[in-house]
Amino acid sequence: MRFCLLASGSKGNCVWIGAAGGGGSVLIDNGLSCSEFLKRATLAGLPLGGLRDIVVSHEHSDHIGGVGPLARKLGLTVHMTKIAAVSHATRLGPVRLRTFEPGDTLGMGDISLSTMTGSHDAADPVAFVARRGGKSLGLATDLGVVTQLIRRNLEGLDALILEFNHDLGMLLGGPYPFFLKQRVRGRLGHLSNDEAAEALRSLNHPGLRELVLAHLSETNNDPGLARRAAESALAGHGHRPNLTVASQARPTAILGI
Ligand SMILES: [Zn+2]
Ligand SMILES: [Zn+2]
């Protein structure tokens, strides 16, 4: 299985997951314009031939904003939860829509995509674990807290994309108004570097090959601080996965497991 984050952060997110050997591919979220998506896909060298589906994690603009236009341009089926669809499907415009319940496993070509309820201030947010050929990739961003359900699902994976949203000191001392600071910190907000590092301490294991720090705030975080928090969580283990810090501005390399 291979994967690439085309963009990550509050101005737009998009993750491509592909089965090696032509077994299809799937997108999770798109907050980019069509032209920006295609520019970055070309830059990253993504094969888009087997792409049929795009799955929406939740309805915030940085995840859903570019889904409708891209689905129409590339002829993709859009998948979102029933509850999210009731209140937010109209934002997609005319698309081929399929709904699911959190907890369902979706078949996407050769990739199976497990879904699980997240903790975030959206109608029905979900996190994901993609599996193919004995390999597994977890995607958990936009989380106020790492619940037992999320933690259990992220154990024992080959690759993990985990939110390192903010440095608490930068958030509290930064320019956000008080209510927004409270929202970001809350159980339905975003994971701080320390919270994500704490989760990572228990999720790191000898089989974890790729770790991506994702959804970093451009205002309230610094890639160096996020990396340092992750490194300190990994330090006691004797096992260190390959570490990538995802960016808002450019795609990651295509990572493989
Ligand atoms: Zn987001
Ligand atoms: Zn969100």
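The values are calculated or read from the model by the stated rules, or taken from the named source; none is laboratory data. Nothing here was measured: the structure is a model prediction, and the numbers come from that model. We place every Cβ from the backbone using ideal geometry, glycine too, and count neighbours over all the protein chains shown.
Of the candidates Gly65, Gly18, Gly23, the single residue that is away from ligand 1 (no atom under 16 Å from the Cβ), surrounded by fewer than 21 Cβ atoms within 10 Å (Cβ to Cβ) and in contact (Cβ under 8 Å) with a residue 12 or more places away in the chain is Gly23.
Taking the stated definitions as given, is His166 surrounded by 22 or more Cβ atoms within 10 Å (Cβ to Cβ), within 16 Å of ligand 2 (Cβ to nearest atom), outside the structural domain of Cys14 (by TED's automatic domain parsing) and in contact (Cβ under 8 Å) with a residue 60 or more places away in the chain? Here the answer is no, as His166 does not meet what is asked.
The single condition among (1) out of contact with any Phe, Trp or Tyr (no Cβ under 6 Å at 6 or more places or on another chain); (2) within 16 Å of ligand 1 (Cβ to nearest atom) that Val86 does not meet is (2). Of all residues assigned to segment 80-87, at least one qualifies as being at pLDDT below 95, within 16 Å of ligand 2 (Cβ to nearest atom) and either not assigned by TED's automatic domain parsing to the domain that holds Phe3 or not aliphatic (A, V, I, L, M) (or both). Can you find a residue that is away from ligand 1 (no atom under 16 Å from the Cβ), modelled with pLDDT of 95 or more and in a loop (DSSP other than H, G, I, E, B) anywhere in segment 110-118? Within segment 110-118, not a single residue is away from ligand 1 (no atom under 16 Å from the Cβ), modelled with pLDDT of 95 or more and in a loop (DSSP other than H, G, I, E, B).
Counting only residues that are more than 15 Å from ligand 2 (Cβ to nearest atom) and either surrounded by 23 or more Cβ atoms within 10 Å (Cβ to Cβ) or not assigned by TED's automatic domain parsing to the domain that holds Pro241 (or both), segment 143-153 holds 1 of them.
Please find, within segment 119-142, the residue that is surrounded by the fewest Cβ atoms within 10 Å (Cβ to Cβ) out of those that are within 16 Å of ligand 2 (Cβ to nearest atom) and part of a strand (DSSP E or B).
So the residue we want is Phe128.
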